[in-house]
Every structure is written in structure tokens, then in C-alpha cells.
Amino acid sequence: PLPPQVSLGSLELVGGRVEFVDRSISPEYKAQLRRLNVAARQLRWPEGDVRDLHASFVGPAEAALDLRGGLRKREGELHLTLKQLALAGFNPYAKSLADLEVARGNLSLTTTARAGSTRWDLQNDLLVHDLSLTSGGSVMLPAVGLPVSAVLALLRDPKGDITLGVPLQVDAKGARAGLGPIIGGALRQTLVGVVSSPLKLLGFAAGAAGLGGDSQPASLAVPATQPGSPQPTGAAPRVAPPPLRTVPVVVEFW
């Protein structure tokens, strides 16, 4: 049988609402999309034409998505922007798939998708802000031999953000990720994390020794001092500290 043929001069949807429920996991995941607006013209299928496409909606916790672009005979370019997607809402997936639980944090995403005759090339730029785990941070990542909390801390920049570029190619054989750029971006973020905050390494060492709890590295407490003096409040006279010992640190990348 011949495939269905669709031809529309214009399409407009204003103020739509979509309810989504996934009962394949426990507990089930629910989400609602509000203020769904879609506008496009000269839609043709199966030719794969769409002109002046613009779609937007507001998702859970006021996350906003915006999609723009167009295709001509399945070739063209689309631009997608997702802002402030709260990650804690996806805990049913994180718990069932990776035994992780997110306390807070949000994700923003910018994607440029270029469509060719036989494949899609997608460049995804992710930004994760203020990510914190309430459990599962001590889960080890076999590829690097470090707990999840340690890897996330190393990837954070001085503002507390994690930024990564994730290129994808999608064709008839499925989706493939460009591992080289992903690893390169992760290494750059790791170096920034280490150089900008060397005390993170001390926190990892204390956490590995059991001083920082199950999922959070140990923190360094700073005692209160007298105004204009380095002497701690209510402390006994200072005693000269023992001589410092130099401890070699080796950082390996593989």
C-alpha cells in the first residue's frame, strides 16, 4: 500500500496541553506540558517539507522549550533551546536505572540539528547547574574508578556549572555519539575543576577515608577569629604546628 500523503498550507496550535504518564517504571513518572504552541506552513509528507516551523511549550517546574527551523525534502536545519529543566523530577528514572537520587539541579540544552538526505547531525551543548545528589553519590563509575560525587565535583567549573558538548549522528543504523569531542570536553572541565579548586582533592581524600559521609565529601571548617586577629575566638594560645610533609599527587587520564 502507498504511504499516507499529507499536504497542509499552514498549521497553528495555540495554548495546547499534554499529559504524559510512564507506568513502565516504579514509581510512575508524570509530566504536564502547558502553553503548547505550534506554527508551520507548507507541510508535505512523505516529501518531508516544513517551512517556518516554530514550536514552544512550558514543562515541569516552568522549564521552557523553543524549536525553530525548516526542512526542504528532508534537508534543512532545526534549532532547539531548553531552559531550566528541573532534574529532581526525573528521580524515578535515575533511581531505577542508576540508583541515584537528585536533590536539586537543572539542565539547559542548546541543540543545532542539521538534516541531510540520509542522516541527522546534532550538536548538543548541555549546561547542568547546581546539581546535588541526596543518595547514590558513592556509586562507583567503573570507567574511571571514582564515585559519582567525585566525578561531578571535578567536572564543575568555578560557578558550579557542568558544561559538555555532545555531538550525535542519527541515521538508519541508529544514533552514534562522537566520543572524541565528549571526552575532550570532559577532560577540559576536569582540569578546570582541579586547577580552580584544589581543595576538592582534599575533600575526596577525606571522603574516601570515611570522614565525609556516604555521598558528600568532607568539608573544611573555618573557625571564627577575633576581629583584626588570626587568633580563634575562645581558643588557647597558639601552638606551633608540626612540620608539614610533602605528599606527591599523581593525576592520571585514560
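The values are calculated or read from the model by the stated rules, or taken from the named source; none is laboratory data. Model, not experiment: these values are computed from the prediction. A quick note on method: Cβ atoms are made from the backbone with ideal geometry, for glycine too, and the neighbour counts reach across all protein chains shown. The protein model used for the area step is the full one, side chains on, heavy atoms only, and it has no ligands, DNA or RNA in it. Shrake-Rupley method; radii C 1.70, N 1.55, O 1.52, S 1.80 Å.
Laid out as a table, the results:
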read-out: Subset of the range 82-131 (residues that are among the charged types (D, E, K, R) and out of contact with any Phe, Trp or Tyr (no Cβ under 8 Å at 6 or more places or on another chain)); value: LYS83, LYS95, ASP99, GLU101, ARG104, ARG119, ASP121, ASP125, ASP130
read-out: Hey, ARG44 in contact with a strand residue (DSSP E or B) (Cβ under 8 Å, 6 or more places away or on another chain) and either polar (S, T, N, Q) or modelled with pLDDT under 95 (or both) or not; value: yes
read-out: When residues of the range 123-144 are limited to those that are of a type in the set (A, V, I, L, M, F, W, C) and more than 13 Å from LEU82 (Cβ to Cβ), the one modelled with the highest pLDDT; value: LEU131
read-out: Matching residues in the range 51-78 - criterion: being touching a residue at least 24 places away in the same chain (Cβ under 8 Å), within 29 Å of VAL21 (Cα to Cα) and in a strand (DSSP E or B); value: LEU53, PHE57, VAL58, GLY69, LEU78
read-out: Which listed residue, of THR110, THR134, THR118, is under 26 Å from ALA175 (Cα atoms) and part of a strand (DSSP E or B); value: THR110
read-out: LEU13 being without any contact (Cβ under 8 Å) to a residue 12 or more places away in the chain, over 29 Å from LEU131 (Cα atoms) and not basic (Lys, Arg); value: no
read-out: Whichever residue in the range 79-118 is touching a residue at least 40 places away in the same chain (Cβ under 8 Å) and under 22 Å from VAL38 (Cβ atoms) and, among such residues, is surrounded by the fewest Cβ atoms within 10 Å (Cβ to Cβ); value: ALA113
read-out: Positions within the range 14-33 being farther than 19 Å from ALA88 by Cα and open to solvent by less than 90 Å² (accessible area, probe 1.4 Å), in sequence order; value: GLY15, GLY16, VAL18
read-out: Residue ID - farthest from LEU155 (Cα to Cα), chosen from residues in the range 128-142 that are within 15 Å of the chain's Cα centre (by Cα) and surrounded by 15 or more Cβ atoms within 10 Å (Cβ to Cβ); value: LEU133
read-out: Some residue of the range 56-74 being of a type in the set (Gly, Ala, Ser), closer than 20 Å to GLU12 by Cα, open to solvent by less than 50 Å² (accessible area, probe 1.4 Å) and touching a Gly at 6+ places or on another chain (Cβ under 7 Å); value: yes
